[in-house]
Amino acid sequence: MEIEKFIELVPSFGFPVVITFMLLKYLMDNIKEKFDTLDRTLKELIDLIKDKKTLP
């Protein structure tokens, strides 16, 4: 959601509610990036373990 839409919501819902939603959106975006990194790293680790098992 764009910042302009949040600004339009301030008179309707109040400042604390709008700030809460902005923080929630920021946290969700940040957590998604961290989970994507974790997922990629775990896949790489699994591949390394599989390669290690196949070696004689």
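Scanning segment 1-33 for residues that are basic (Lys, Arg) and surrounded by 10 or more Cβ atoms within 10 Å (Cβ to Cβ) gives Lys25, Lys32. Just one residue in the set Leu24, Leu48, Leu38 is modelled with pLDDT of 90 or more, among the hydrophobic types (A, V, I, L, M, F, W, C) and more than 14 Å from the chain's Cα centre (by Cα); that residue is Leu48.
The values are calculated or read from the model by the stated rules, or taken from the named source; none is laboratory data. None of these values were measured; they are calculated from a predicted model. Virtual Cβ from ideal backbone geometry, glycine too; neighbours counted across all protein chains shown.
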